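The values are calculated or read from the model by the stated rules, or taken from the named source; none is laboratory data. Bear in mind the structure is a predicted one, so any value in this text is a computation, not a measurement. Every residue, glycine as well, gets a Cβ built from its backbone with ideal geometry; the counts of neighbours run over all protein chains shown.
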Amino acid sequence: MARGTPTYDRFARYYDFIYEDLVDYDADVRYLEALFRRFLPRKPVRVLDLGCGTGNHALRLARRRYEVTGLDRSRAQLALARRKARAAGLPIRFIAGDMRSFRLGARFDAAICMFGAFGYLLRTRDVTGALRSIRRHLSPGGLFAFEFWQSSAARPAPHLSWVHRTGPAFELVRLDAARYDPRTQMLPIDFHFFVFKGRRMLDRFDETHTVRTYRVAEMRGLLVRSGFDVSGMYRIGARLKKGVERPRRDTFRVFVAARSKA
């Protein structure tokens, strides 16, 4: 991990506050169910949520009567996910583990990895290790649905942005500084957090998150070599028409449906 606070340790306590209005989790789950209907012969029962974070997708899937297991490296985020599942009365199993290599002693009908979490696998051996672990945990023909960020659509120049959220207990500002390296296909993002109540600073910290981007052909090759058939690659949120939609070069968020080979 790069400089700054270890990823998602302090960030975890503010994660849902920041993203509850930025990410349409319900739309994500509807899209996942459309993929399930399109590429699986029957509705999946057991779903593995990789990089599950604070459990926002897992909770929504569990409410739709899927048996969900969530895996994440961040114990801080998992603690929040477990708390939310208990409060909702949902029997979700959340496990601390590393996506690069894991053994859960179970098989799943589908696995998901949402919101760019797959990009935290920075080395090719990390990617292939993760894909092989995922395939081992899928039933024959099981579906792996995930998102990656496309290299050709990444902004080459440094990019600054910010997020501002106001709640009853505090106000939060996050400044983001991203600088894409086309040579390595890496996108480091510096997050600078400022948490206030009135004029008083409650919290102040930095985190650096580095995300790997991929070319479409590169991702397809990694999947095939790891024992998957690529069923489709889509612009995130695109309608699932007949045939395979080819993501354009300026499509940043690419969604993949891949099935484990028997």
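Under the condition of being assigned to a loop (DSSP other than H, G, I, E, B) and either at pLDDT below 95 or of a type in the set (Val, Ile, Thr) (or both), the residues counted in region 115-127 number 2. Please enumerate the residues belonging to region 139-159 that are modelled with pLDDT under 95 and surrounded by fewer than 18 Cβ atoms within 10 Å (Cβ to Cβ). Passing the criteria: SER152, ALA153, ARG155, PRO156, ALA157, PRO158, HIS159. Summed over region 145-197, residues that are touching a His at 6+ places or on another chain (Cβ under 9 Å) and not hydrophobic (A, V, I, L, M, F, W, C) total 7.
Just one of the listed residues (LEU35, LEU50, LEU59) is out of contact with any Ser or Thr (no Cβ under 8 Å at 6 or more places or on another chain) and more than 16 Å from PHE108 (Cα to Cα), namely LEU59. For LEU35, the conditions (1) at pLDDT below 95; (2) in a loop (DSSP other than H, G, I, E, B); (3) of a type outside the set (Phe, Trp, Tyr) are fulfilled apart from (2).
Residue under question is ALA27, and the condition is that it be at pLDDT below 95, surrounded by fewer than 21 Cβ atoms within 10 Å (Cβ to Cβ) and not assigned by TED's automatic domain parsing to the domain that holds SER101; does it hold? So ALA27 does not fit the description; no.
The lone criterion from (1) over 13 Å from ASP49 (Cα atoms); (2) polar (S, T, N, Q); (3) part of a strand (DSSP E or B) left unmet by SER101 is number (3). In a residue-by-residue description of region 240-249, the property of being of a type in the set (Gly, Ala, Ser), modelled with pLDDT under 95, under 22 Å from CYS113 (Cα atoms) and in the same structural domain as LEU35 (by TED's automatic domain parsing) applies to no position. The number of residues in region 127-162 that are more than 23 Å from SER260 (Cβ to Cβ) and out of contact with any helix residue (DSSP H, G or I) (no Cβ under 6 Å at 6 or more places or on another chain) comes to 13.
Yes or no: VAL211 under 21 Å from the mean Cα position of the chain (by Cα), in a strand (DSSP E or B), of a type outside the set (Ser, Thr, Tyr) and surrounded by 13 or more Cβ atoms within 10 Å (Cβ to Cβ)? Considered against the rule, which asks whether it is under 21 Å from the mean Cα position of the chain (by Cα), in a strand (DSSP E or B), of a type outside the set (Ser, Thr, Tyr) and surrounded by 13 or more Cβ atoms within 10 Å (Cβ to Cβ), VAL211 comes out as yes. Of note, PHE36 satisfies the criterion of being hydrophobic (A, V, I, L, M, F, W, C), more than 21 Å from VAL211 (Cβ to Cβ) and within 18 Å of the chain's Cα centre (by Cα). Only a single criterion out of (1) farther than 23 Å from ASP21 by Cβ; (2) charged (D, E, K, R); (3) exposed (fewer than 14 other Cβ atoms within 10 Å of the Cβ); (4) free of Cβ contacts under 8 Å to residues at least 40 places away in the same chain is not satisfied by ARG225, namely (4).
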